[in-house]
Amino acid sequence: MKRIVFYIVLSSIMSSIITIAAYKQYTKEDPFLFPYTSSLAKTRLTSSDSSSLVSSAGLPDFTRVVEKTIHAVVNVKNYSKKYSNQFDPFDFFFGFPDDFENRGKKPQRNDLPGLHGSGVIISPDGYIVTNNHVIKDAEKIEITLNDQKTYRAKLIGTDPSTDIALLKISDKNLPFIYFSDSNKVQVGEWVLAIGNPFDLNSTVTAGIISAKNRSLGILRGETQSAIESFFQTDAAVNPGNSGGALINTNGELIGINTAISSSSGNFIGYSFAAPSNLVAKVIQDIKKYGTVQRAYLGVRGMDLSRTEYLKAYNKETHQNIKPQQGFLIGEVFDRSGAADAGLKKGDIIKSIDEKLIQNIADLSFIVGTKHPGDKVKVNIIRNGQKKSFKVTLKDLQGRTKIRNREEISPSELLGATFEPLSQEYKKDFGIDYGIRIREIRTGRLSSIGMEEGDIILSINGKKMKKPNDVDRVLKKYSGDVTIKSIKQNGQVYIAGFEMN
């Protein structure tokens, strides 16, 4: 009997040791994903408890879903000196400044909020996703939770191509929302929009997915590499909702509310959200690499659903292409993945990786979720014949590999090239040091409102005298970066961001 008891105890101890070892190995090899995905959720609603979505009167009831998610949606306030005395058409898409009635007056300090919008906490340690336009040009970003607790947020990175920004606040065990696979979203399904319209905290509206893969052209003024493939919903979204959550009935994030379609600036029936899969790719890149690792197919063309453009194309090329689903290649860029694979002008792209291409929104979304070096199968029609090509995607510089942080120079992360300051500039501005921004692209500097022609005086208090001073000061640096500059109108401008 004692021997039996001994073996039972020994077996229990060995089982415990094996379990602990396996758990440690599992957590070591398979850490939590960022952003958190719904596959890790413990409280996800299933079909067995879908009855909770129906009230006793047989009407939709979203109380459980709202209770689960509302505390993870925050108010984002942008404090900035940079105001325009001209009307900004994006106000009607994205939200009104708090000082809308005083537009044109320039405050003398940065403790007055400019734009306000919404954001979504996506991890318990305080990462927040919002729209780039909500925090653009910010000198200070303030986050207010549903319980009115406030934080100073750090800007981790932005991507104007998708209008997404990643912020961070310092706290732990925060409520957050899991990501869902936006490819599984269907037209007609119920969705909830949570945000802060008109600066009214924690407002929830309901609707359905009205359409998918909408391209509005609203981001192309920000960048030529804009990726637009929005969900269209009829959930009421108003100024201030930008950056807020679009969730499904499981309480999972399927999109970030970005724009409304309105001539008045208020909701009139349509709103648009960036799909969660695209958002997840962008913020994962920002957090891991410091910048978005964007892949390109290397073609330019048009939707074949645009009959007016197709008529003009047929007339110019003496062809008779009929309106249909697909993307007509009008140009193939040299040394691009498309050129290397053999795609040609006049080819009609019908699908990529077996996903149908109906328009440019489909094309930009599929490629936008890929990285340089990824291979895709492109099915086309050429002269009435079906053909397939394997295309290796590249970045804009023709590279086919993802570069780690060590391979990306600080100047590239800043998104600018610099030139020495001429004696004429030194004389005009009364300075004897500084470097001038010669060219600016998507990056840290554009996200804080800097422009071509601005003069950078110092970075983290260190004077800039020649262009390579930027890389010298910021190489392997991690933490807050403060830049002092002179705008082209002579105004001294101090702004900052975080490099990690």
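The values are calculated or read from the model by the stated rules, or taken from the named source; none is laboratory data. It should be emphasised that the depicted structure is a prediction, and the values quoted were computed from it without experimental measurement. Glycine also receives a Cβ, built like all others from the backbone with ideal geometry; neighbour counts cover every protein chain displayed. Remember, those area values only see protein heavy atoms, side chains included, never the ligands or the DNA or RNA. Shrake-Rupley method; radii C 1.70, N 1.55, O 1.52, S 1.80 Å.
Numbers at a glance
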quantity: Computed lengthening from K401 to T63, 0.36 nm per intervening residue step minus Cα-Cα distance; calculated: 117.1 nm
quantity: S305 accessible area, assembled protein chains, probe 1.4 Å, Å²; calculated: 70
quantity: Qualifying lysines (Cα of each under 24 Å from Cα of K172; at least 8 residues distant if same chain); calculated: K24, K28, K42, K68, K77, K140, K149, K154, K281, K287, K288
quantity: Two-decimal log10 I(q)/I(0) for the stretch 254-410, as the Debye equation yields it once each C-alpha is a single scatterer, q = 0.18 Å⁻¹; calculated: -1.11
quantity: Kirkwood Rh (inverse of mean 1/r, distinct Cα pairs), the stretch 378-441, angstrom; calculated: 16.3
quantity: Neighbour net charge for R405 - beta-carbon separation under 15 angstrom, K R +1, D E -1; calculated: +1
quantity: Positive minus negative residues near D171 (Lys, Arg vs Asp, Glu; Cβ under 11 Å); calculated: +2
quantity: Largest to smallest accessible area among S447, S422 [probe 1.4 Å]; calculated: S422, S447
quantity: Cross-link partners of K315 among lysines (Cα-Cα below 27 Å; sequence separation of 8 or more within a chain); calculated: K344, K345, K350, K386, K387
quantity: Charge dipole (debye, nearest 20) of the stretch 365-500; +1 at Cβ of Lys and Arg, -1 at Cβ of Asp and Glu; calculated: 940
quantity: Cβ-Cβ FRET estimate between I408 and D334, R0 fixed at 25 Å, reported to 0.05; calculated: 0.55
